[in-house]
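Heads up: the structure comes next, in structure tokens.
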Amino acid sequence: MIFSVTSVVVFTTRLLTAQDFSVGMIFANMVNISTVILLWSAIYFFIHYFENLKRSEIERLVWEAAVKDFELKTLKSQLNPHFMFNAMNSIRALIEENPERAKTALTQLSNIFRYSLRIERTETVPLEDEVKTVEDYLALEKIRYEERLNYNVEIDPAVKSIEIPPMMIQTLVENGIKHGISKYPKGGELRLKAVSVNGHAEIVISNTGSFSEEEMKNSKGFGLDNTKQRLNLLYGSKSEFNIVNDNGFVNVILKIPPGGRQNESYNS
Amino acid sequence: MKAIIVDDERLARTELQRLLAPFKDIQVVDEAVNADDAIEKISKHQPDLIFLDIQMPGKTGFDLLEELDNVPYVIFTTAYDEYALKAFEVNALDYLLKPIEPARLESAVNRVLEKSKKEDTPELKSGKLKADDQVFVKDGERCWFVKLEDVRLLESEGNYVRLFFHDHKPLILRTLNYLDERLDPKTFFRANRKHIINLKWVENIEPWLNGGLLVKLKGGQKVEISRRQSIKFKDILSL
């Protein structure tokens, strides 16, 4: 583009030389100066263009990294808002009916909330911390479901300090309540058990009901896929994840190796 | 105004009872703990209004409404339900988020009271569905409360019936014969084996094959009236 402009200028200058030399000179000078200005702005424009391009490329990369980070964060399960609002509704009703119980419930709810904030920056937590949250959670769900929910928590002291991904048991317990208790008008039972097997922690979450592969495929089983993916990211082949039907119960069985994670950190 | 609270959680029901206590126009006559229980109690008390939780064990609040022939005024109560809220936005139905804010409850109740003053209270005991009765229709993620007077045509599709109203034509799980018995014969007419038409939507009538008639409805659909039904049809229209 610039070349064509210059050739036009040269062409015009030649034309003018034949007619009026001095006027032609002035005009040619003007044209020459403007050519320089034009050229200069073109260079300026291009430099800026490439700079912007580079900047937007960087912005794109930052954005992509943020998206990836976000995906990993969502893999870390969060508190279910449905639970939070229902719990607050129960507490509201309890304030009049049983103020003491309402006070305890409020403390339990804040424990859960605090835990969920704390774990935002951690990859693993000691099993016992998670279990404490799960117990608060179950106590709150018990207020809500009353006689429809029965639960039992049994933890082997030997596995209390094994590091596990935060909210992992919590998510599976929530799942158990969703599929095993809230679906049935008469409710059901939920059990959480953790024992030590050859140094590994074996965690079993059971709920009333039965599970079918077919149903799993149809429902967006985000909870379970999420758990599998997290275990895999953290421990590779050293962890196990299984679901089995057992005498009217669905058992979700996790095996977690001692000594924390085996893989590279995915949270830069 | 008689009301029933439908919620699977006792505390949620108790809380709503308490919140409703200051409203002298609303008498809560019963509570139901799930959809089946609610269907029984609704047919027993014939309430004007139900407070309805959406997520319940077994059937959801939507399933319950689909099973009712004549749907009373409904105020939904839900803790957090994105899907449900999406459905409401389309239809501008009334819903309350738990924990319920007393001011929101007041405005929802007032709206129902105002609405009921404007509309003639349907005679619920008569059993027939009148033109100003409403039914609840759910099609995928969308749902509607449909006034029967807006339904121009009902078409049989096996065990289902397709309703034509406004620009929509969702299916409901009812047989045409069942609806034929329930619908008010002053408004709805069985045109043939497959169709019931709303007489208020008839635009013009032409003679048709074998002594039948062809009815054109406002909105463009054409429905054939069988010979046997044509005699009845002429009878009704000549009154």
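Rounded to the nearest 0.05, what FRET efficiency is calculated for B:Arg182 and A:Arg55 with R0 set to 56 Å and r the Cβ-Cβ distance?
Efficiency, rounded to the nearest 0.05: 0.25.
How far apart, in nm, are two points set 7 Å out from the Cα along the Cα-to-Cβ line at A:Lys238 and at B:Ala21?
5.9
Which of the residue pairs B:Lys117/B:Lys138; B:Lys186/B:Lys234; B:Lys194/B:Lys216 have a Cα-Cα distance greater than 18 Å in the structure shown?
Checking Cα-Cα distances, B:Lys117/B:Lys138 exceed 18 Å.
For A:Lys186, give me every one of the lysines with a C-alpha distance below 20 angstrom, ignoring sequence neighbours fewer than eight places off in its own chain.
A:Lys142, A:Lys178, B:Lys41, B:Lys59
Run the simple label-point estimate for A:Ala139 and B:Glu203 please: 7 Å along Cα→C-beta, distance reported in nm.
Between A:Ala139 and B:Glu203, the simple spin-label model gives 6.8 nm.
Step through the residues of the range A:138-148 one at a time and calculate ³J(HN,Hα) from phi using the Karplus curve (6.51 cos²θ - 1.76 cosθ + 1.60, θ = phi - 60°), rounding each to whole Hz and writing x for Gly and Pro.
Those phi angles translate into 5, 4, 5, 5, 5, 4, 6, 8, 6, 5, 7 Hz.
Based solely on its DSSP helices, what 222 nm [θ] is calculated for chain B when runs of n ≥ 4 H residues each add -39,500 (n - 2.57) and the sum is averaged over all residues, nearest 500 deg cm²/dmol?
Helices in chain B give a 222 nm mean residue ellipticity of -9500 deg cm²/dmol.
At what distance in angstrom do the alpha carbon centres of the range B:11-51 and the range A:129-189 lie from each other?
Between the Cα centre of the range B:11-51 and that of the range A:129-189, the gap is 31 Å.
Compute the distance in nm between two label points, each set 7 Å from the Cα along the Cα-to-Cβ direction, one at A:Lys228 and one at A:Phe45.
Result: 5.6 nm between the two label points.
Using θ = phi - 60° and the Karplus curve 6.51 cos²θ - 1.76 cosθ + 1.60, what whole-Hz ³J(HN,Hα) does each residue of the range A:204-209 get, with Gly and Pro shown as x?
Taking θ as phi minus 60°, the curve returns 10, 10, 10, 9, 4, x Hz for the range A:204-209.
Count, for each residue of A:78-89, the Cβ atoms from other chains sitting within 10 Å of its Cβ, then give me the mean as a whole number.
The mean count of partner-chain Cβ atoms within 10 Å per residue comes to 4.
Name the residues whose placed amide hydrogens come within less than 5 Å of the amide hydrogen of B:Val74, ignoring near sequence neighbours (fewer than 5 apart) on the same chain.
For B:Val74, the qualifying residues are B:Ile50.
Taking 0.36 nm per residue of sequence separation and subtracting the Cα-Cα distance, how much length would be gained by fully extending the chain between B:Lys2 and B:Ser107, in nm to one decimal?
Computed gain between B:Lys2 and B:Ser107 is 36.0 nm.
What is the packing order of peptides A:96-105, B:161-170, taking the mean over residues of other C-beta atoms within 10 Å and listing the highest first?
Listed from highest to lowest mean packing, they are B:161-170, A:96-105.
Can you give me the long-range amide H partners of B:Leu129? Hydrogens built in the peptide plane at 1.01 Å from N, cutoff under 5 Å, separation of 5 or more residues or another chain.
B:Leu183, B:Asp184
Within the protein assembly as shown, what percent of beta bridges assigned by DSSP are antiparallel, to the nearest 5?
70
None of the figures in this text is laboratory data; all of them are computed from the coordinates on show. Values in this document were obtained by computation on a predicted structure and should not be read as measured data. With ideal geometry, Cβ positions are generated from the backbone for all residues, glycine too; neighbour counts draw on all protein chains shown.
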